[in-house]
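Undergrad: First the structure, then my questions, so here it is.
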Amino acid sequence: MSEGTHQYKENQKATFNRTEHPHRRYNPLLDEWVLVSPQRAKRPWQGQQEKVTEEKRPSHDASCYLCPGNTRVNGDVNPEYRGAFVFKNDFPALLSEEVAPEGHAQDDLFRIQPERGINRVICFSDDHSLTLPEMELEDIEKVISVWQEEYKALGAVDYINHVQIFENKGSVMGCSNPHPHGQIWAQSSIPSQVARTQQNLKTYFDQHQRTLLEDYLEKEFEKQERMVVENESFAAVVPFWAVWPYETMIISKRSISNIMEFSEAEKKSFAAILKDLTIRYDNLFETSFPYSAGMHQAPTDGEQHPEWHFHMHFYPPLLRSASVKKFMVGYEMLAEAQRDITPEQSAEILRKLSPVHYKAKGDRHFSPALAEDL
Ligand code: H2U
């Protein structure tokens, strides 16, 4: 008998405990499963460590393509903007002209379809040294106003059916420039992940006449196991089915299908929870915490979408310190997503962190070392 088989028999006798035993959790948004292996959370790490560069950045960097007054790669000069500033991406992934591919459309095994779109870049601030958690609430509100304007304007373009608003933060997430900025990709198709989410939201709404996330949030409030922070209009939770170690979702308390439906109070609440959550992230390892984050909301296809419920995903790659990143490789690439630390443990860690940024003097906050004890 091999060592592995023996261990399997031992495990059979145990009573299931989700902080000790491997199990799978279902993601109802994407209709897929994630493998949770909490027993593995303390495995030693001798692999790659990311470089942590925490140099203080100037408020204006003459070599930055995104700072006010500077020249971009294509020769355009940014205006002397204050606050948020949007421009058309000089290296767009999508083009507005449609050029139809010929001869492939009918072959099931070689399907191809034309795609049109508009890519824009949004600078969150004129101040090169800032990131969202360090910005003033009023300035974050201005960013939200620009997101609203862009969603509305791009969504109104006749061939645009979906507007994806997102931010890549940190070089580890492929962000090319530390100047605070995000991107907007608007396109004619509804992209695959959003289409899958929409299908699942719609099935749920048709059965229950309530949005899936309305019911999910209600249950998260009852359980109080994965809640990180809430305010008047939004809650941030580590989803039951989270894949990334410190993945979170900001969900609106009201069933709002898109960012245009925010009331003034909701806009303020959204700014506040964005700041609070990203401060906690920075405090976790006392670093400018990298992530990819983005909103999921109703497509702009001219249809009614009562099934949609506004939410924003945060997918941070860091695992146990500022320098150890989770890799989605091997089993994850070939079989399904897998995590070690449980979503409940991650939520507890994030919940206990201070909502005051670690760079703010005199703050005593939850020690990042606790992350290693759990
Ligand atoms: P990322 O750092 O997330 O890659 O975003 C920066 C975007 O800014 C990127 O898509 C664009 C890049 O194409 N960009 C310009 O449009 N003009 C420039 O001069 C520099 C970068």
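The values are calculated or read from the model by the stated rules, or taken from the named source; none is laboratory data. Everything quoted here is computed from the prediction, not taken from an experiment. Methodologically, a virtual Cβ is constructed for each residue, glycine included, from the backbone with ideal geometry; neighbour enumeration extends over all protein chains shown. Accessible surface areas use protein heavy atoms only, side chains included; no ligands, DNA or RNA. Shrake-Rupley method; radii C 1.70, N 1.55, O 1.52, S 1.80 Å.
Undergrad: With charges only on Cβ, +1 for K and R and -1 for D and E, what is the dipole size of region 118-202 about its Cα centre, in debye, rounded to 20?
TA: The calculation lands at about 640 debye.
Undergrad: Just report the Cα centroid separation between region 225-254 and region 84-121, whole Å.
TA: A separation of 33 Å, based on Cα centres.
Undergrad: State the percentage of accessible surface on region 127-211 attributable to carbon and sulfur atoms; use a 1.4 Å probe and exclude ligands, DNA and RNA.
TA: Accessible surface attributable to carbon and sulfur in region 127-211 totals 50 percent.
Undergrad: List the pairs from 219/352; 223/325; 88/275 whose alpha-carbon separation is above 23 Å, in the order I gave them.
TA: Table pairs above 23 Å Cα-Cα are 223/325; 88/275.
Undergrad: Further question on the same structure: GNM, the chain, Cα, under 10 Å: largest mean-square fluctuation among 163, 237, 194?
TA: 194
Undergrad: Also, I was wondering about something else. Accessible area of region 299-355 with a 1.4 Å probe: how many percent of it is carbon plus sulfur?
TA: On region 299-355, the fraction of accessible area on carbon and sulfur atoms equals 57 percent.
Undergrad: Oh, and also: Treat each spin label as a single point 7 Å out from the Cα along the C-beta direction, and report the residue 145 to residue 206 distance in nm.
TA: If labels sit at residue 145 and residue 206, their model points lie 4.1 nm apart.
Undergrad: Per residue, what accessible area does the chain have, given a 1.4 Å probe and all protein chains present, in Å²?
TA: Counting only protein heavy atoms, the per-residue value for the chain is 50 Å².
Undergrad: Work through the residues other than residue 145 whose Cβ is under 13 Å from its Cβ and net out their charges, Lys, Arg +1 and Asp, Glu -1.
TA: Net of charged neighbours comes to -3.
Undergrad: Whole-Hz Karplus ³J(HN,Hα) for region 275-284, in order, using 6.51 cos²θ - 1.76 cosθ + 1.60 and θ = phi - 60°, x for Gly and Pro?
TA: Each residue of region 275-284 in turn: 5, 4, 5, 6, 5, 4, 4, 4, 5, 4 Hz.
Undergrad: Quick one: which residues, 5+ away or cross-chain, put their amide H under 5 Å from the amide H of residue 300? H built at 1.01 Å from N.
TA: Residues meeting the amide H criterion: 162, 163.
Undergrad: Turning to a different aspect of this structure: Compare the Cα positions of 175, 270, 255 along the charge dipole of region 160-308 (+1 at Cβ of Lys, Arg; -1 at Cβ of Asp, Glu; about the Cα centre) and return the one farthest towards the positive end.
TA: 175
Undergrad: May I ask you to derive the FRET efficiency for residue 23 and residue 159 from their Cβ-Cβ distance with R0 = 35 Å, giving the value to the nearest 0.05?
TA: 0.20
Undergrad: Taking H placed 1.01 Å from N in the peptide plane, check which residues at least 5 places from residue 228 or on another chain put their amide H under 5 Å from its amide H.
TA: For residue 228, whose amide H was placed from the backbone, the distant partners under 5 Å are 236, 237, 238.
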